[in-house]
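Enquirer: If you scroll down you'll find the structure; I have some questions about it.
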Amino acid sequence: MPSITVEHLKKTFGATKAVQDVSFEVRPGEIFGLLGPNGSGKTTTIRMILDIYKPDSGEIAILDGPMTEEKKNRIGYLPEERGLYQDIPVETCLEYLAELKGLDKAAIAERLPGLLEEFDLTVHRKKKVKELSKGMQQKAQLIATLIHEPDVIIIDEPFAALDPVNTQLVKDILMAQRAKNKTVVMSTHQMNQVEQLCDRMVLINKGEVMLYGGVNEIRNRYVTNEVLVNLDGELPQNLNGIREIRDEGTVTRLIPEEGVESQDILAQLMANGSKINSFEKAVPSLDEIFIRVVKGEVHDE
């Protein structure tokens, strides 16, 4: 059963149609990407799921029904706008936020030290929040999101201000939550992180769903007959059916004419005695698909 079901959501603010018709579902044990350009309606959608905004029409079910006060304590939310109290020690701030999520002092004392250690904040726990770097504050906010061990985790731009080491730390933590059968909804502009982490995704633009499905499934929908090759030596000059050749550093992109398949190109290279280090179809990145969708070049039903 899905942890979150969104059906035909609509929300307007005056003359602005923030969300026009959005439907998707999120399942336990997956990391789900909620994507879209600025102003697309994704933050409004998150706020409706969390019962911060009421939809004008449409239905939302979370954890098998409407939102309740009890369910709010089963949700961890990391907003893009951070919500830490700046003038108190990190440890005190996190203890207070954990209490707001229903944890008693004994549970906090049991869980918080381990999380501070995991996020490399133990030595900074007595510092005021405002004395921490942006990256450290981001990690503290993640602790506040996870300390009550929520069933549903909704995170907006989780990698903001993180260096590569801490980015990997957060990725490992999100994958561990998925392994525990938790539901993770991740909103981010970093498409490479979506490709690495997300099982499925929805792309919203101008309040409407433009792409929805498995990440690999979506990428494979947009595969063309272009190929990427890496050869020992020069590319043969007598290849037939090639419209364009592009040098892309370690590989060469071959753009065939209409009707020429990748197997035809491979057969020609082998017939020419080329030593092939790698040969693959040019599967587009999510970045490329994202740009094409937002520019209106494609609209996937």
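Enquirer: Using the structure shown, decide if residue 52 is without any contact (Cβ under 8 Å) to a residue 60 or more places away in the chain, surrounded by fewer than 16 Cβ atoms within 10 Å (Cβ to Cβ) and of a type in the set (A, V, I, L, M, F, W, C).
Expert: For residue 52, the condition - without any contact (Cβ under 8 Å) to a residue 60 or more places away in the chain, surrounded by fewer than 16 Cβ atoms within 10 Å (Cβ to Cβ) and of a type in the set (A, V, I, L, M, F, W, C) - is met.
Enquirer: Determine which single condition residue 239 fails, assuming it passes every other condition in (1) at pLDDT 90 or above; (2) surrounded by 13 or more Cβ atoms within 10 Å (Cβ to Cβ).
Expert: (1)
Enquirer: Working carefully through the options 206, 281, 295, find the one that is in contact (Cβ under 8 Å) with a residue 40 or more places away in the chain and loosely packed, with under 15 Cβ neighbours inside 10 Å.
Expert: Criteria check complete, one pass: 281.
Enquirer: How many residues does segment 174-220 contain that are part of a strand (DSSP E or B) and over 29 Å from residue 8 (Cβ atoms)?
Expert: Here is the first cut: in segment 174-220, the residues part of a strand (DSSP E or B) are 183-187, 200-205, 208-214.
Next, from what is left, pick out any that are over 29 Å from residue 8 (Cβ atoms): none.
Summing the residues that are part of a strand (DSSP E or B) and over 29 Å from residue 8 (Cβ atoms) in segment 174-220 gives 0.
Enquirer: Across segment 13-42, what is the total count of residues that are at pLDDT 95 or above and polar (S, T, N, Q)?
Expert: Count: 1.
Enquirer: Would you confirm whether or not segment 155-164 contains a residue that is on the phi > 0 side of the Ramachandran plot, aliphatic (A, V, I, L, M) and not in a helix (DSSP H, G or I)?
Expert: Checked segment 155-164: at least one residue is on the phi > 0 side of the Ramachandran plot, aliphatic (A, V, I, L, M) and not in a helix (DSSP H, G or I).
Enquirer: Here is a further query. Out of segment 262-295, which residues are part of a helix (DSSP H, G or I) and either more than 30 Å from residue 36 (Cβ to Cβ) or among the hydroxyl-bearing types (Ser, Thr, Tyr) (or both)?
Expert: We begin by selecting, within segment 262-295, every residue part of a helix (DSSP H, G or I); these are 262-271, 286-294.
The answer is 262, 263, 264, 265, 266, 267, 268, 269, 270, 271.
Listed here are the residues, each with its yes/no results for (1) more than 25 Å from residue 43 (Cα to Cα); (2) modelled with pLDDT under 95; (3) of a type in the set (Phe, Trp, Tyr).
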| position | (1), (2), (3) |
| --- | --- |
| 73 | no, yes, no |
| 76 | no, no, no |
| 82 | no, yes, no |
| 89 | yes, no, no |
| 93 | yes, no, no |
| 112 | yes, no, no |
| 116 | yes, no, no |
| 121 | yes, no, no |
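Enquirer: Tally time: how many residues in segment 50-108 are part of a loop (DSSP other than H, G, I, E, B) and farther than 30 Å from residue 14 by Cα? Outline the logic, then answer.
Expert: From segment 50-108, those part of a loop (DSSP other than H, G, I, E, B) are 50-56, 63-68, 73-74, 79-88, 101-104; that's our starting set.
Still in the list and also farther than 30 Å from residue 14 by Cα: 63-64, 73-74, 84-88, 101-104.
Here the count works out to 13.
Enquirer: Residues that are within 17 Å of residue 182 (Cα to Cα), surrounded by 18 or more Cβ atoms within 10 Å (Cβ to Cβ) and touching a residue at least 40 places away in the same chain (Cβ under 8 Å): does segment 6-19 have at least one?
Expert: No, that holds for no residue.
Enquirer: Is it true that some residue in segment 166-173 is part of a loop (DSSP other than H, G, I, E, B), within 19 Å of residue 119 (Cα to Cα) and either touching a helix residue (DSSP H, G or I) at 6+ places or on another chain (Cβ under 7 Å) or outside the structural domain of residue 111 (by TED's automatic domain parsing) (or both)?
Expert: No, there is no match, as no residue in segment 166-173 is part of a loop (DSSP other than H, G, I, E, B), within 19 Å of residue 119 (Cα to Cα) and either touching a helix residue (DSSP H, G or I) at 6+ places or on another chain (Cβ under 7 Å) or outside the structural domain of residue 111 (by TED's automatic domain parsing) (or both).
Enquirer: So which of 121, 132, 103, 116 is of a type outside the set (Val, Ile, Thr), farther than 19 Å from residue 166 by Cβ and either surrounded by 17 or more Cβ atoms within 10 Å (Cβ to Cβ) or in contact with a Lys or Arg (Cβ under 9 Å, 6 or more places away or on another chain) (or both)?
Expert: 103
Enquirer: Still on this model: Considering only segment 218-260, state which residues are out of contact with any Gly (no Cβ under 9 Å at 6 or more places or on another chain), in contact (Cβ under 8 Å) with a residue 12 or more places away in the chain and within 14 Å of residue 272 (Cα to Cα).
Expert: 231, 232, 233, 235, 238, 239, 240 - these are the residues of segment 218-260 that are out of contact with any Gly (no Cβ under 9 Å at 6 or more places or on another chain), in contact (Cβ under 8 Å) with a residue 12 or more places away in the chain and within 14 Å of residue 272 (Cα to Cα).
The values are calculated or read from the model by the stated rules, or taken from the named source; none is laboratory data. Quantities reported herein were computed from a predicted structural model and do not represent experimental measurements. Don't worry about glycine lacking a Cβ; one is built from the backbone with ideal geometry, like all the others, and counts go over all protein chains shown.
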